[in-house]
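The values are calculated or read from the model by the stated rules, or taken from the named source; none is laboratory data. Keep in mind that what you see is a predicted model, and the values were worked out from it rather than measured. Ideal geometry is used to build each Cβ from the backbone, glycine not excepted, and the neighbour counts take in all protein chains shown. In case anyone asks, the SASA skips ligands and DNA or RNA and just uses the protein heavy atoms, side chains included. Shrake-Rupley method; radii C 1.70, N 1.55, O 1.52, S 1.80 Å.
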Amino acid sequence: MLMLGLTAVGAAGHDGGVNRTGLVAVFLLSTLTLVGAAVAWWQWWPHSQQAQGGVDLGALPGRAGRDGLNLLVITLDTTRADRIGAYGYRNIETPAIDRLAADGVLFEQAMSSAPLTLPSHCSIFTGRFPPEHGVRDNGGFFLSPTQTTLATMLKARGFQTGAVVGAYVLDGKWGLNQGFTTYVDDFELPENSGFGIGDVKRPGNDVVDRALPMLEKMKHSRFFAWIHFYDPHSPYESPEPFKSRYERRPYAGAIAFTDSQVARLIAFLESNQLLDRTIVAVLGDHGEGLNQHGEGTHGFFIYESTTRVPFIIRAPFEKTRGRRIADPVRTVDLVPTVLDLLGLPAARDIAGVSLAPLLAGTRKTLDLEGYAEALYPLHHFGWSEIRAWRAGQYKVIDAPRPELFDLDKDPEETHNLYAERRAVADGMLARLRAHEHDAAGPAAQSMPDVDPEARARLAALGYVGSFVATVSGPKSDRADPKDKIELFNLMIQSREIAKDKASSERVIAMLNKVIAEDPKVIDAWFNLGNVHYKLGRFEEAIRYFSKTLELKPDYDLAVVNMANAYRRLGKDDAALAGYERYLSIDPKNAHVRYQLGEIYLDRGDVPRAEKNFRQALEIDKRVAAARNALGAIAFTRGDLATAERETRAALALKSTVRLAHFNLALIAEERGDLTTAESEYKQELALHAKTYKAAFNLSRVYERQNRINDQIALLKQSIAANPLFAEGHFFLAKAYLDAGTNLLEAMSLARKGLEIDPLSTVAPLGHFVIAGVMLKQGQPAAAAAEMARGNALEARLAREKQVTR
């Protein structure tokens, strides 16, 4: 049985449950009696969350009917209600949002279900709390296709559906794209390991630049659009004039900038005569700590600073104008509310209820109860998770040391009433725990099983200590996050300065301090792995990632980053195992699927490489590198037409895709077009200066054209980009010998190349160059001996090649 949200709205419009006065009376019972009564009452409460029928919302402009209304939902990431002008904040300019509030309905007390972007948005668009939809953290969790989103409901009713999101944390791969015909999430992921999932984003002006053409295409049909702004998220970046105007208050500046972009969306609706035919909902996904309760950002606590969010609905109905609602509501109420306003059937079996009676003024209260959770302390630090339950003026927080607050008298939650009002607190905790128990059903995510053979292989490589989906151990043994806030803030500070590579040693010292105080902090080990990876210390990185996985075996980013480190060390067997393990956790990751293809291609297993590249494109057709790799495979088969078509398709997807121009240069060389080859190699180097193969190949083109100085310059560039590139050393040595200059340098380069790779297919050239230099130095006997070594190696390599055929 799913435990759904509570409502006092009955089918006939009368109270169907305990009103606020009755609830307080129940709270005054003895603790023992109260707990038992609370559980029984919970089982009795009706689970069907139907909107009150026949709510009179008043007339629509002109002769419009509900069946012609559109819907625009705007979500504001990391936005506190009390930092918006309409909510009483005077030190900010938010005219667009304020206008929507003045023309619509503002909910003064709206509760988010989680202080993290992905779980909160999943609740907003399913009408379910996290235990019901199963998404409990950013990354590593996916909204199941069995969950029905608002977009899916409206698309089935004939709406055109489209979304533009401002951060990778809401990328379609996590599941929120279901139901959207258009879902703009084309984020470019950094090529280096260790980036945070929240670091990949786009500014609000870019979001609107992409949203307006989408709205233009949909405006002649009935549409549902969702636009997400990420700018209020740390590090609170905004362009001028907001940057200077709010120089000392960058968080406010980011919100003000976001408001200016909301204004562009409203201007579009007005200019197209759509505003009075469109329901506009604006709400935050969660707030920001701003150092209240010691929390600088969000995700750690669930006090009002991070769970109270703006929630405004501007609907064109006559009776839904200029109203402020003090009764507590939840963001899960969005779905049934907008369905009601659109004249569509209510969603069934969800926690949310329609707020239409409040919008219309036919009810003053609905006596809804709210839920919020923060599992971030558990998943990333190994400390206790925390959950909150709100009923009327009271809010209880379930933690190792529980807390109870009277939000009417103490909105900033400074005075814990748990000891004073134990009966109230225990009754609310009973209902909270009943909800937690009954709501966790099939929707909760379970990790795929791993077969015993793969498990043993992965364990031998250090990937896992065991295979469990969450941190193990009884809750009572876990630290209360309140006792760990200083360590948490130290972790946040280290993460911020880690973006500057020059601060790496300082970051390492900070993380070691965290571990010294608490060696079970999962993300401290993980971040140590990341910083060592960025410094090129791959063995150390693997050690730290391995420790991370001992504490949390299903930590997806630790698995993939460890695999990346093995790859950089040339240990492809271990990298392959890691990538395969990662795909058992995140099967929708096209980029990791591409990495598998790369390894197989390097090994000469072209069929398996091609299979993985095609699978990557099936997952995400935008993976330009996979398209380019298919072009490279076609080139090796001599199919130049297909090779060029696939490579140009890759460039059309991403103009900067690595090695695309390199492949076009190879194709041009194969066709004998050296002019085009030179141009393509130059383009590759202009985009990617460290592409040593492009520099080397271009040097060979110059050699054919007798451009010795250009040849030498490009060979120098190739070994500067890759000091372990043996072939570059050999050919630069030969170029010096051919030019009759820098003979000592030529000998040094040849010896260095032989040191790097004594069995390279061109290693005999190194011996021949050394022999040539010796001859010029008047050492014929030594030259003859070196020549003999070169000939012997050449014969050996030829025999080995013959055997492998």
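The conditions of being open to solvent by less than 50 Å² (accessible area, probe 1.4 Å) and among the charged types (D, E, K, R) are met by GLU644.
Among the criteria (1) assigned to a loop (DSSP other than H, G, I, E, B); (2) of a type outside the set (Lys, Arg); (3) modelled with pLDDT of 95 or more, the one LEU528 does not fulfil is (1). Identification of strands (runs of 3 or more DSSP E) wholly contained in segment 91-208 with 2 or more residues that are crowded, with 23+ Cβ neighbours inside 10 Å yields 105-107, 160-164.
Hey, can you tell me all the residues within segment 623-659 that are hydroxyl-bearing (Ser, Thr, Tyr) and modelled with pLDDT of 95 or more? Don't jump to the end; show me each part of the working.
Pass one, segment 623-659, residues hydroxyl-bearing (Ser, Thr, Tyr): 636, 642, 647, 655-656.
THR642, THR647, listed by residue number.
Considered as a group, the residues in segment 476-525 that are under 16 Å from LEU378 (Cα atoms) and in a loop (DSSP other than H, G, I, E, B) include one that is most open to solvent (accessible area, probe 1.4 Å), and that residue is LYS520.
Go through the residues of segment 558-565 one by one and say whether even a single one is at pLDDT below 90 and farther than 22 Å from ARG614 by Cβ. Within segment 558-565, none of the residues are at pLDDT below 90 and farther than 22 Å from ARG614 by Cβ. If you go through segment 747-778 and keep only what is touching a Leu at 6+ places or on another chain (Cβ under 9 Å), open to solvent by 90 Å² or more (accessible area, probe 1.4 Å) and within 18 Å of GLY728 (Cα to Cα), you end up with just THR761.
When restricted to residues that are surrounded by fewer than 22 Cβ atoms within 10 Å (Cβ to Cβ) and either in contact with a Leu (Cβ under 8 Å, 6 or more places away or on another chain) or at positive phi (or both), segment 231-250 contains 1.
Listed here are the residues, each with its yes/no results for (1) under 30 Å from GLN160 (Cβ atoms); (2) buried (at least 24 other Cβ atoms within 10 Å of the Cβ); (3) among the charged types (D, E, K, R).
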site: ALA254; (1), (2), (3): no, yes, no
site: THR258; (1), (2), (3): yes, yes, no
site: PHE268; (1), (2), (3): yes, no, no
site: SER271; (1), (2), (3): yes, no, no
site: ILE279; (1), (2), (3): yes, no, no
site: GLY284; (1), (2), (3): yes, yes, no
site: GLN292; (1), (2), (3): no, no, no
site: PHE301; (1), (2), (3): no, yes, no
site: THR307; (1), (2), (3): no, yes, no
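Which residues, taken from segment 668-692, are buried (at least 21 other Cβ atoms within 10 Å of the Cβ), within 19 Å of ALA634 (Cα to Cα) and in contact (Cβ under 8 Å) with a residue 24 or more places away in the chain? Result: ALA677, single match. Cβ-Cβ distances below 6 Å connect no pair with a first residue in segment 319-331 that is farther than 15 Å from PRO357 by Cβ, a second residue that is open to solvent by 60 Å² or more (accessible area, probe 1.4 Å) and part of a loop (DSSP other than H, G, I, E, B), and a separation of six or more residues or different chains. Just wondering, is there one or more residues in segment 679-691 that are among the charged types (D, E, K, R) and modelled with pLDDT under 95? Yes, segment 679-691 contains a residue that is among the charged types (D, E, K, R) and modelled with pLDDT under 95. Of all residues in segment 779-805, which are open to solvent by 60 Å² or more (accessible area, probe 1.4 Å), within 21 Å of ALA739 (Cα to Cα) and not hydrophobic (A, V, I, L, M, F, W, C)? Across segment 779-805, the qualifying residues are GLN779, PRO780. The one condition from (1) open to solvent by less than 10 Å² (accessible area, probe 1.4 Å); (2) in contact (Cβ under 8 Å) with a residue 40 or more places away in the chain that ASN564 does not meet is (1).
With respect to (1) without any contact (Cβ under 8 Å) to a residue 12 or more places away in the chain; (2) within 27 Å of LEU724 (Cβ to Cβ); (3) of a type outside the set (Gly, Ala, Ser), the lone exception for LEU793 is condition (1).
Criterion applied to ALA771, ALA746, ALA763 was being of a type in the set (Gly, Ala, Ser) and farther than 24 Å from TYR702 by Cβ, and the one residue passing it is ALA771.
Whenever a residue of segment 290-306 is among the hydrophobic types (A, V, I, L, M, F, W, C), its partners that are open to solvent by 10 Å² or more (accessible area, probe 1.4 Å) and in a loop (DSSP other than H, G, I, E, B), lying with C-beta atoms within less than 6 angstrom and at least six residues away or across chains, give the pairs PHE301/HIS293. When SER244, SER260 are checked against the criterion of being without any contact (Cβ under 8 Å) to a residue 24 or more places away in the chain and over 27 Å from PRO336 (Cα atoms), SER244 stands alone in meeting it.
Every test in (1) within 16 Å of THR548 (Cα to Cα); (2) outside any helix (DSSP H, G or I) is passed by GLY536 save one, and that test is (1).
If you take the residues of segment 566-599 that are small (Gly, Ala, Ser) and part of a helix (DSSP H, G or I), which of them is modelled with the lowest pLDDT? Break it down stepwise before answering.
As a first pass, look at segment 566-599 and keep what is small (Gly, Ala, Ser): 570, 574-575, 577-578, 584, 590, 597.
Remaining after also requiring part of a helix (DSSP H, G or I): 574-575, 577-578, 584, 590, 597.
Details: ALA574: 92, ALA575: 93, ALA577: 90, GLY578: 92, SER584: 83, ALA590: 90, GLY597: 95.
In this case the residue turns out to be SER584.
On the given criteria, is ALA695 farther than 26 Å from TYR183 by Cβ and open to solvent by 60 Å² or more (accessible area, probe 1.4 Å)? No: the conditions fail for ALA695.
Being part of a helix (DSSP H, G or I) and open to solvent by 70 Å² or more (accessible area, probe 1.4 Å) is the filter; apply it to segment 214-225 and report the residue that is nearest to GLN178 (Cα to Cα). Break it down into steps so the answer makes sense when it comes.
Keep residues of segment 214-225 that are part of a helix (DSSP H, G or I), which gives 214-218.
Add one more test, that the residue is open to solvent by 70 Å² or more (accessible area, probe 1.4 Å), and what stays is 216-217.
Values: GLU216: 22, LYS217: 20 Å.
Among residues in segment 214-225 that are part of a helix (DSSP H, G or I) and open to solvent by 70 Å² or more (accessible area, probe 1.4 Å), the one nearest to GLN178 (Cα to Cα) is LYS217.
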